[in-house]
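The values are calculated or read from the model by the stated rules, or taken from the named source; none is laboratory data. Treat the numbers as computed from the prediction; the structure is a model and nothing was measured. In this analysis, Cβ positions are derived from the backbone assuming ideal geometry, glycine residues included, and neighbour counts consider all displayed protein chains.
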Amino acid sequence: MKKLKLFSLILSLTMLIGVFSGCSNSDSKTKDTSSNSSLNRENTGIDIADSDTERQLMGSADATDVRVGLIMGPPSMGLGWMMHQAEQGNTYNRYTFEIDGIDYTGLAAKLNQGDYDIITCPSNVCSILYNNKDMREDVRVISINNMGVLYVLTTDPSIHSMNDLKGRTVYSIGEGGPPEYTFGYLLEQSGLSGDVNFSFRATPFEVLNLLQDEKNSIALLPQPFVEVAKLLVSDLKVAINVTEAWDALNLESGAEAVTTVSIVRKSFLEEHEQAVVEYLKLAGQSTDYTLEHVEEAAKWTEPYETFMNPEIAIDAIPYCSICTITGEEMKEKLSGFLKIMYDTNPDAVGGAMPGDDFYYMPPEE
């Protein structure tokens, strides 16, 4: 039964590949967490209707419906508290969340059609959508949801640092997405570009099989795949925390590895900026709550379908770099990472670097 449960889990986790790379068919489920109840400001600590900001907010001050499309896994695992508050009617605006358990392409299409107001997506995809002249809806990036989530795994006791990878093959998923450019840049900065065979596989099944079948094989995987792999492969260890290795570069640009972001339709932002402001405040409270109350947050992943296994979520959440980063800090981190991808392959960010107008700057209170 345990093996069957793990097999089922891996099958479900396969749906998360779209968070890190290409696309597949959509299979989304809607969680209507909105309520007609009045705002209980004691619960959220947010008073949108009476808030004072440094500038006049765009659009209407009236409460509105906010339709949010989320990717299952790390981008949404930190939003359980917010979804619960919305469900209880403790928000000024009315939020409906739809969890897409496969990838971002369906979310992006629905955003472009006006069916969503806010979605989560991989960090380079936000720039691709911004640069896409065929889009009906212009987009703005409003927050970073996850920083680095990549780890080097192996059963080889001799692997402890990037230099130890010289002459070796590293298997991974995520070709064309943040994993490829994050680890590729790290190899380059470590002087290992030509000395490490960075080999992609289409599914985590293949990577896990290689870890099981090839003695002392090495893999680059994101959370929560890391926790699943450790259950399936005996003596598997995290040899390198890629985020820590990146931070050790101490880049002057301030660029950091950014995995996922949230974007909003520009037209919605202009019509209901107060709703976007509230969304960001709630998301910030939610991600903080998640990191402080991991077990409770993990339990929320099941009813809200942000992840399919609360037990694994407990282990994965502390290593998913869950956050809500906005404003100038978001711009510095994200623009630096996009520049690294652009310099490597302009098409990875849609052919051009986004302009300053791409980065939403919430008003200060």
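Starting from residues that are among the small types (G, A, S) and at pLDDT 90 or above, keep the ones in the range 195-228 and report whichever is nearest to G148 (Cα to Cα).
Among residues in the range 195-228 that are among the small types (G, A, S) and at pLDDT 90 or above, the one nearest to G148 (Cα to Cα) is A219.
In the range 215-234, what count of residues is obtained for those that are among the hydrophobic types (A, V, I, L, M, F, W, C) and part of a loop (DSSP other than H, G, I, E, B)?
Residues meeting the conditions: 1.
Look through A239, A229, A245 and report the one residue that is under 22 Å from the mean Cα position of the chain (by Cα) and more than 26 Å from D103 (Cβ to Cβ).
After applying the criteria, what remains is A245.
Please verify whether the range 146-153 includes one or more residues that are of a type in the set (S, T, Y), modelled with pLDDT of 95 or more, under 17 Å from F225 (Cβ atoms) and in a loop (DSSP other than H, G, I, E, B).
Among the residues of the range 146-153, not one is of a type in the set (S, T, Y), modelled with pLDDT of 95 or more, under 17 Å from F225 (Cβ atoms) and in a loop (DSSP other than H, G, I, E, B), which makes the answer no.
Does at least one position in the range 106-118 carry a residue that is in contact (Cβ under 8 Å) with a residue 12 or more places away in the chain, acidic (D, E) and in contact with a Phe, Trp or Tyr (Cβ under 6 Å, 6 or more places away or on another chain)?
yes
Can you confirm whether V152 is of a type in the set (V, I, T) and within 21 Å of Y342 (Cα to Cα)?
When the stated conditions are applied, V152 does not pass them.
Assess whether A298 counts as being at pLDDT 95 or above, crowded, with 20+ Cβ neighbours inside 10 Å and within 17 Å of the chain's Cα centre (by Cα).
yes
What number of residues in the range 305-329 are touching a Lys or Arg at 6+ places or on another chain (Cβ under 8 Å) and either among the charged types (D, E, K, R) or at pLDDT below 95 (or both)?
Residues meeting the conditions: 2.
How about the range 105-138: which of its residues are buried (at least 24 other Cβ atoms within 10 Å of the Cβ) and either in contact with a Cys (Cβ under 7 Å, 6 or more places away or on another chain) or among the aliphatic types (A, V, I, L, M) (or both)?
L107, A108, L111, I118, I119, V125
For the condition surrounded by fewer than 18 Cβ atoms within 10 Å (Cβ to Cβ), out of contact with any Asp or Glu (no Cβ under 6 Å at 6 or more places or on another chain), among the hydrophobic types (A, V, I, L, M, F, W, C) and in contact (Cβ under 8 Å) with a residue 40 or more places away in the chain, what is the one hit in L282, L338, L291?
Matching residue, one of L282, L338, L291: L291.
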